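The next block holds one structure in the form of structure tokens; read it before the comments.
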Amino acid sequence: FRRVLFRSYDFTYRGGAEYFYRLSVHTSPHIDFILPSVGQPGTIGKFTLYGRNLPSGQSAGTNMDGEPLQKLAVSIPIPKDGTSLQSAENLAPHESALDGFRYVLKGANGDSNPVFIQFAQSPAVLEKEPNDKPEAAQLITIPVDLSGQFQKRGDLAFYMFTAKANEVSYIEVIG
């Protein structure tokens, strides 16, 4: 059992009947992140959810913000139309330029927060550790949609791929 103190103030600390807030406290599943972060349209992708209160979740062996994380392997059907989000969805700023969809985990104690999964244009590949030195670079085949994560401050990731002379390759990084 843990006691939590919550304080809420309006932006200018003025107060009054016209200032309101909404506080929702629940034990529903909460997803902090998902790996991989992409899936190919029209397939059933294999993903790992990381978060808290995940039904049948196992220890992820790591903490976030000082709290232990759980992980849960799931299969998610990726919509066939991999061109755009449904227009009725509210987008977070970082999602506005990306094509994808939101996934919600259904649990006995409620539904999770939505997590964004981007539509992959190429095969989805996960970062394989250790790859933090040039001699341990992960070999990838292009084209590829690669999902990785920063394990710690200053984390490096090296990748190696074959390129042909005079062939132009583009690398786009979204973080």
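The values are calculated or read from the model by the stated rules, or taken from the named source; none is laboratory data. All values reported here derive from a predicted model rather than from experimental measurement. Heads up, the Cβs are rebuilt from the backbone with ideal geometry, glycines too, and the neighbour counts pull from every protein chain shown. These area figures cover heavy atoms from the full protein model, side chains too; ligands, DNA and RNA do not enter into them. Shrake-Rupley method; radii C 1.70, N 1.55, O 1.52, S 1.80 Å.
Observations on the structure shown:
- 1.4 Å probe accessible area per residue over the chain, in Å²: 75 Å²
- Projecting the Cα atoms of Ala120, Ile140, Pro130 onto the charge dipole of the range 92-167, computed from C-beta unit charges around the Cα centre, puts Pro130 farthest toward the positive end.
- Per-residue ³J(HN,Hα) for the range 12-23, Karplus 6.51 cos²θ - 1.76 cosθ + 1.60, θ = phi - 60°, Hz, x for Gly and Pro: 9, 6, 8, x, x, 5, 7, 9, 9, 8, 10, 10
- For the range 76-81, 3J(HN,Hα) computed residue by residue from phi via the Karplus equation (6.51, -1.76, 1.60; θ = phi - 60°) reads 10, x, 8, x, 5, 7 Hz, glycine and proline entered as x.
- Only the Cβ atoms of Lys and Arg (+1) and of Asp and Glu (-1) were treated as charged; on that basis the dipole of the chain about its Cα centre amounts to roughly 620 debye.
- Put simply, the amide H of Leu126, placed in the peptide plane, has neighbours under 5 Å in Ser147, leaving out anything fewer than 5 places away on its chain.
- Heavy-atom surface analysis with a 1.4 Å probe gives the chain a carbon and sulfur content of 54 percent of its accessible area.
- Cα gyration tensor shape for the range 21-170, rounded if a/c is under 1.5, else prolate or oblate: oblate
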